[in-house]
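The values are calculated or read from the model by the stated rules, or taken from the named source; none is laboratory data. What you see is a predicted model; the values in this text were computed from it and never measured. All Cβ positions, even for glycine, are placed from backbone atoms using ideal geometry, and neighbour counts span all protein chains on display. The accessibility values were calculated without ligands, DNA or RNA, using every heavy atom of the protein model including side chains. Shrake-Rupley method; radii C 1.70, N 1.55, O 1.52, S 1.80 Å.
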Amino acid sequence: MKTLEKKTVVDYEALPEGSPYQLIEGELIMSPAPGFEHFGSSFNLVIRLADAVYRTGKGRVIYAPVDLYLDEENAYQPDIMVVLKGSKAKITSKGVYGPPDVVVEILSPSTAYYDLTQKKDVYERSGVREYWLVDPLRRTFEVYLNTEEGFKLISKAKGKGMVRSEVLSLELELEEVFEGIEP
């Protein structure tokens with residue numbers, strides 16, 4: 001039985017610009033365009049994050065499609081990244097290198113498996129400080145803080161309510177995140 005050869009960042013970068021792929025643990029995974037619920041949640045979050053991060057001069061908010069390089073076998077395009085001043089992550093013309101302070105993945109049926117498993121594990125081991133999982137279909141929002149024991153769920157809400165980011169010292173109202181999106 002022939003095994004597939006693992007791909008690297010070199011293979012990923014050889015793809016044509018705009019190719020709908022991510023490099024996940026050495027495998028090129030196709031990511032089709034997300035639906036409106038995904039777009040709406042992302043847009044609402046970017047507006048709130050940009051206001052909180054730019055207004056205070058804390059750093060940068062970056063939204064897809066921008067490449068994030070974590071190691072030789074993992075290059076993603078997270079929905080949203082926050083890179084604070086003094087971060088381990090470096091922003092270049094090619095993308096972001098190293099772990100952002102906050103990574104937001106908005107779940108879609110085609111990508112949820114990877115966001116909940118492999119990518120979450122890579123974000124954890126690479127040093128992403130906070131990982132947010134947003135599910136616009138189920139209207140859930142989870143915030144995981146990277147601790148010495150790995151990612152720990154620190155804030156969660158479903159439908160209504162607030163979630164809190166320790167890294168950004170920020171509270172977000174779910175009704176604002178899902179505003180304009182039909183349940």
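Selection over region 92-147 of residues that are open to solvent by 20 Å² or more (accessible area, probe 1.4 Å), assigned to a loop (DSSP other than H, G, I, E, B) and small (Gly, Ala, Ser) gives a count of 3. Candidates in region 14-28 are the residues that are open to solvent by 70 Å² or more (accessible area, probe 1.4 Å) and either in a loop (DSSP other than H, G, I, E, B) or free of Cβ contacts under 8 Å to residues at least 12 places away in the same chain (or both); of these, the one that is nearest to LEU116 (Cα to Cα) is TYR21. Scoring ALA75 on the criteria (1) assigned to a strand (DSSP E or B); (2) open to solvent by 20 Å² or more (accessible area, probe 1.4 Å); (3) out of contact with any Pro (no Cβ under 9 Å at 6 or more places or on another chain); (4) not aromatic (Phe, Trp, Tyr) leaves a single failure, condition (2).
If you filter region 29-51 down to residues that are open to solvent by 60 Å² or more (accessible area, probe 1.4 Å) and either in a strand (DSSP E or B) or hydrophobic (A, V, I, L, M, F, W, C) (or both), you find that the one that is farthest from GLY18 (Cα to Cα) is ILE47.
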